[in-house]
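S.K.: The following block contains the structure, expressed as structure tokens.
The values are calculated or read from the model by the stated rules, or taken from the named source; none is laboratory data. Since we're looking at a predicted model, the values are computed, not measured. When we count neighbours, we look across all protein chains shown, and the Cβ atoms used for this are built from the backbone with ideal geometry, even at glycine. Surface areas here come from the heavy atoms of the whole protein model, side chains and all, with no ligands, DNA or RNA. Shrake-Rupley method; radii C 1.70, N 1.55, O 1.52, S 1.80 Å.
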Amino acid sequence: MSGSAAAPQSGSAAVSPTARGLWRGARGAVALGVIVIAVAVVTALVVGGSGESGRLDPTDTTLSGGKALARLLAGQGVRVERVSTVEEVERLDGTESQILISGTWWLTSDEHRRLARTRADRLVVGADPALVTLAPGLEAAGEASLRSREPGCELPAAVRAGSAHMGGATFRTPPEGAVGCYPGEDGASLVRVFGTGAPTVTVVGDGAFMTNQRLAEDGNAALAVNLAGAKPVLIWLVPGGRPASAPGSGDVSPGDLIPAGVVWALVQLLVAVLVVALWRGRRLGPVVVERLPVVVRAAETVEGRGRLYRARRARDRAAATLRAACAARLTPRLGLTGDATPDEIVAATALKSGQDAVWVRSVMYGPAPADDAALVALAGHLDTLERQVRES
């Protein structure tokens, strides 16, 4: 074996743990910890710090909340009182107050009547099921798409605000003692009814313009402050909790009854499942170096394979191997991709080397050599062609 093999490698591999090995073993746990912390931080930023989350809640900082409006009103000197029961509304009731009602589906019919008997003005948001009780004489007319609309009326609060993101439910304006603004096809999406010796009732078709998401658009902030800040005290009535069902409410969907934390819990669970799948899934590990008993030189390997081809008279296989190797080396030098067709390779090679395309095709894709001399000649032609492309 002398001259064709080397003695086995001597020495023993180090078995002490290295910093690189420790990192490889611990990086999966570190990545999992980082992902869990990142999801927790995002969850806290999105759903945290909002108190009792709900649509048009003055303590809610989510997109559908009303905390931004509450702060604007406080800056204008309006005292915002967040309440969740009719008893609290009655305690704060007075002619210098206004009640903001964004839904009464969670109240009883008796509580609806008690709200209607209060002396404070009322701002009703949406086609409330108790609209007949809270705004007598006002009827829902239909629906209008939510978009930027012009006031189209003489109500000072709307004229000063200008265009606003209005729509939703529309209402028929009573012929006397009322004004309708932001009209749609079927009616107005803002109606104010002036009562003689009775509270003023303002109804808007949708409260999207009052939310944190829309407040900075168009004249939404001005309109919201003008309507909700009409009196020194705003009694902001919000649900005390999320019930299992909301009978009689057309504004509540099954998705509205699912707490916001459930969605984020599902997102965290999905991330955890993906991380476990990546951790436990089948994958290639690091390259393992194996000690060989002998080392065979590459030239000897090539020579041995050539002798096998010659012994079996496999000139066709030898020629195919030479041509495939030549094409694989020429393809990147010609600027072609790995899936290039023979016609593309022949055309590019002929252009690059200056040879005739017919001759190039016969060399690279011609018939198998008839004898050993033809195989040797083919190898020489392929080498010449490759050198000409490389040097051009």
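S.K.: When you take every Cα atom in the range 328-375, what is the radius of gyration, and what is Dmax, the widest Cα pair distance, in Å?
M.R.: Gyration radius and largest Cα-Cα distance of the range 328-375: 11.8, 34 Å.
S.K.: Quick one, can you get me the convex hull of the C-alpha atoms of the range 267-371 expressed as volume per residue in Å³? Present the calculation step by step, with values, prior to reporting the outcome.
M.R.: Working: hull volume 23.3 nm³, N = 105.
Value for the range 267-371: 222 Å³ per residue.
S.K.: Calculate for the chain the 222 nm mean residue ellipticity that helices alone would give, adding -39,500 (n - 2.57) per DSSP H run of length 4 or more and normalising by residue count, nearest 500 deg cm²/dmol.
M.R.: Result for the chain, helices only: -13500 deg cm²/dmol.
S.K.: With r as the distance between the Cβ atoms of L351 and R387 and R0 = 22 Å, compute the FRET efficiency 1/(1 + (r/R0)^6) and round to 0.05.
M.R.: In this case the efficiency is close to 0.85.
S.K.: Using the 2.2 N^0.38 Å rule of thumb for compact globular proteins, work out how the chain stacks up: its C-alpha Rg over that value, please.
M.R.: So the Cα radius of gyration is 1.90 times the expected 2.2 N^0.38 Å.
S.K.: Treating each Cα of the range 108-230 as an identical point scatterer and ignoring solvent, apply the Debye formula and state log10 I(q)/I(0) at q = 0.10, 0.18, 0.20 Å⁻¹.
M.R.: The calculated log intensity ratios at q = 0.10, 0.18, 0.20 Å⁻¹ are -0.27, -0.90, -1.10.
S.K.: Kindly work out what percent of the DSSP beta bridges joining two residues of the chain are antiparallel, to the nearest 5.
M.R.: On the way: 18 of 36 bridges.
Antiparallel bridges: around 50 percent, rounded to the nearest 5.
S.K.: Taking K and R as +1 and D and E as -1, what net charge do the other residues with C-beta under 11 Å from the C-beta of P174 add up to?
M.R.: 0
S.K.: Per residue, how much accessible area does the chain show when a 1.4 Å probe rolls over the protein heavy atoms, in square angstrom? Spell out each step's value before the answer.
M.R.: Details: 23070 Å² over 392 residues.
Per residue, the chain has an accessible area of 59 Å².
S.K.: Mind ordering 208-216, 107-115, 56-64, 29-37 by average Cβ neighbours within 10 Å, highest first?
M.R.: Taking the mean over residues of other Cβ atoms within 10 Å, the ranking is 208-216, 56-64, 107-115, 29-37.
S.K.: Something else now. Given labels modelled 7 Å from the Cα in the Cβ direction, how far is it in nm from R329 to R291?
M.R.: 3.6 nm
S.K.: Separate question: Specify which residue in the list Y309, S362, T331 is farthest towards the positive end of the charge dipole of the range 308-387, using unit charges on the beta carbon of Lys, Arg (+1) and Asp, Glu (-1), about the Cα centre.
M.R.: The listed residue farthest towards the positive side: Y309.
S.K.: Kindly provide the Kirkwood hydrodynamic radius of the range 50-136 in Å, to one decimal, from all pairs of distinct alpha carbon atoms.
M.R.: Here the Kirkwood hydrodynamic radius works out to 13.7 Å.
S.K.: Something else: If you place +1 on the Cβ of every Lys and Arg, -1 on the Cβ of every Asp and Glu, and leave all else neutral, what size is the dipole of the chain about its Cα centre, to the nearest 20 Debye?
M.R.: Working: 41 positive and 38 negative charges, 524 e Å.
Its charge dipole is roughly 2520 debye.
S.K.: With a length cut of 15 Å (Cα positions projected on each helix's long axis) and a Kyte-Doolittle mean of at least 1.0, go through the chain and give me the DSSP H helices that pass.
M.R.: 19-47, 260-280
S.K.: Then there's this: Specify, per residue and in Å³, the volume enclosed by the convex hull of the alpha carbon atoms belonging to the range 130-179.
M.R.: Value for the range 130-179: 94 Å³ per residue.
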